[in-house]
Amino acid sequence: MFVDVPSRKQPHPRWVTPVLVVACVACYLWLMLAQPATRYQLLGDWGTVPAHLFQHGELLHRGSWLRPFTSLFMHADWMHLLGNMLFLVIFGLPAERALGSRRFLFLFLVGGAFANLVGALTLSGQLRPIIGCSGAVSATLGAYLALFPRAHLGLVLPLGLYLQFIRVPAALLIGMWVLLQLLFTWAGPGFGAVVWWAHLAGFGFGAGLALVSRGAVERRLRERSY
């Protein structure tokens, strides 16, 4: 259980989350401005292609180990990008504050790459590349839930002509999200070209890293209170 205590020290700036957002947006704009043939070539070269990843030792001997990382910064369209960036900002900033910037960067990169590898294993025959940082964002969600199990999130609900602001336990919303991912993995591709197992793998990685880092997080909180 983590308890957020008031800080008497000037906190270190949270730089990783903004840098990741800028990197993802810049990569998306670069791809969109490229010629279609060039764009598809880049997606194939730097995305995580399940059918190619584990063939003939390619993962270790031909540099393919980089692709689960580079594919994190590629997105299919602006809705894909916007959704990931929104969740990254909402949950990434508090997670980075608690974990520290270097540990949060590790969470995003390694958790996202791990999620892509799990997704590739579940789609081993697919030639379409896995792209996007949904697995890394899922790792951020898992870390957030482990770090702030009693947190509340604000929601705006339309009630007729009025908008009602309510506060809902984050554990409830994230739990519903996890349940949906489980249902979608059972339903298969009928709910779109989304690698649902990558989401679950990233979530588990993030929650596990946050729990393992409990001692370091508590020390950071104590240091900030003095």
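Quick note: the coordinates plus some simple rules give every number you see, no bench work behind them. Here the structure is a predicted model, which means the values were calculated and not measured. Cβ: placed from backbone, ideal geometry, glycine included. Neighbour counts: every protein chain shown.
Of note:
- Label-point gap, in nm, between VAL22 and ALA34 - each point 7 angstrom along Cα→Cβ: 2.2
- Taking amide hydrogens as placed 1.01 Å from N in the peptide plane, the amide H of HIS152 sits under 5 Å from those of ALA170, each at least 5 positions away in sequence or on another chain.
- Using C-alpha pairs under 8 Å with a sequence gap of at least 6, the mean separation divided by the residue count of region 16-224 gives a relative contact order of 24 percent.
- Projecting label points 7 angstrom from Cα along Cα→Cβ for TRP15 and ALA76 puts them 3.5 nm apart.
- Distance between modelled label sites at ALA171 and THR122, nm, 7 Å Cα→Cβ extension: 2.5
- Overall, region 16-224 carries a charge dipole of about 600 debye about its Cα centre when +1 sits on the Cβ of Lys and Arg and -1 on the Cβ of Asp and Glu, all other atoms neutral.
- Considering every alpha-carbon pair of region 16-224, the percent of pairs per 5 Å bin, from zero through the bin containing the longest distance, is 1, 7, 14, 18, 18, 16, 12, 7, 4, 2, 0, 0, 0.
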